[in-house]
Amino acid sequence: MSAPPLSVAERSLLDAAYEEAVTGLREGGIPIGSALMTPDGTIVARGHNLRVQAGDTTAHAEVSCIRNAGRRRDWHTLTLASTLSPCIMCTGTSLLFRIPRVIIGENRTFMGAEDLFAARGVRVSVVQDQRCIALMEKFIREHPDLWNEDIGVPRD
């Protein structure tokens, strides 16, 4: 079953998340990006995975983006986009703030905790964006140890 097409605003949101992922890669980090949008299409925050750059194991893209949004009272109206299916930590963070809509660039290279979104009634669209897939496939192929470290896979 394919996701319905994204609106222009939703596509712009995913584009912003992708730009963040590319920035993270340029900085020597994990290429995952995220962005938050209000119902009128205004992007209010962006972030990318900073775990390597900051030496912070919790600085995943979605957490960084939500941190960058600052104090808000309208979380329940926002849409979050991520270039990759959010891990359980990032899923939990967005659930904590009751973000009702999540756009996922791709989940082929990593399947996060999408079942938790479904259990909480979050509207999720998985786009399978070819840019997002190619970026992660190349990164995982070229940096498997760094990728496994990011997702908590122990060394042999």
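Sub-6 Å Cβ pairs linking a first residue in segment 40-54 that is more than 15 Å from L14 (Cβ to Cβ) to a second residue that is open to solvent by 50 Å² or more (accessible area, probe 1.4 Å) and modelled with pLDDT of 95 or more, at least 6 apart or interchain, are Q53/E27, ordered by first then second residue.
Considering segment 1-51, and only residues there that are aliphatic (A, V, I, L, M) and part of a strand (DSSP E or B), the residue that is nearest to the chain's Cα centre (by Cα) turns out to be A35.
Against the list (1) out of contact with any helix residue (DSSP H, G or I) (no Cβ under 7 Å at 6 or more places or on another chain); (2) within 20 Å of A9 (Cα to Cα); (3) part of a helix (DSSP H, G or I), the condition E62 fails is (1). Working only within segment 74-88, note down all residues that are assigned to a loop (DSSP other than H, G, I, E, B) and open to solvent by 10 Å² or more (accessible area, probe 1.4 Å). Within segment 74-88, D74, C87 meet the criteria.
Summed over segment 105-118, residues that are free of Cβ contacts under 8 Å to residues at least 40 places away in the same chain and either open to solvent by less than 30 Å² (accessible area, probe 1.4 Å) or in a helix (DSSP H, G or I) (or both) total 9. Any chance segment 93-104 includes a residue that's over 13 Å from the mean Cα position of the chain (by Cα), among the basic types (K, R) and in a loop (DSSP other than H, G, I, E, B)? Yes: segment 93-104 contains one or more residues that are over 13 Å from the mean Cα position of the chain (by Cα), among the basic types (K, R) and in a loop (DSSP other than H, G, I, E, B).
Restricting attention to segment 121-156, the residues that are in a loop (DSSP other than H, G, I, E, B) and within 21 Å of D56 (Cβ to Cβ) total 6. Within segment 15-28, residues that are under 19 Å from E137 (Cβ atoms) and touching a residue at least 40 places away in the same chain (Cβ under 8 Å) reach partners that are assigned to a helix (DSSP H, G or I) and aromatic (F, W, Y) with beta carbons closer than 9 Å, at six or more positions or on different chains, in the pairs L25/F139. Show the residue pairs that are 6+ apart or on different chains and have beta-carbon atoms under 7 Å apart, the first residue being within segment 81-96 and touching a residue at least 12 places away in the same chain (Cβ under 8 Å) and of a type in the set (A, V, I, L, M), the second being open to solvent by less than 10 Å² (accessible area, probe 1.4 Å) and part of a helix (DSSP H, G or I). Correct list of pairs: A81/L13; A81/L14; A81/A17; L84/C132; L84/M136.
The values are calculated or read from the model by the stated rules, or taken from the named source; none is laboratory data. The model shown is predicted, which means the values in this text are computed figures rather than measured ones. Using ideal geometry, Cβ is built from the backbone for each residue, glycine included, and neighbour counts are taken over all protein chains shown. With ligands, DNA and RNA removed, areas are computed over all heavy atoms of the protein, side chains included. Shrake-Rupley method; radii C 1.70, N 1.55, O 1.52, S 1.80 Å.
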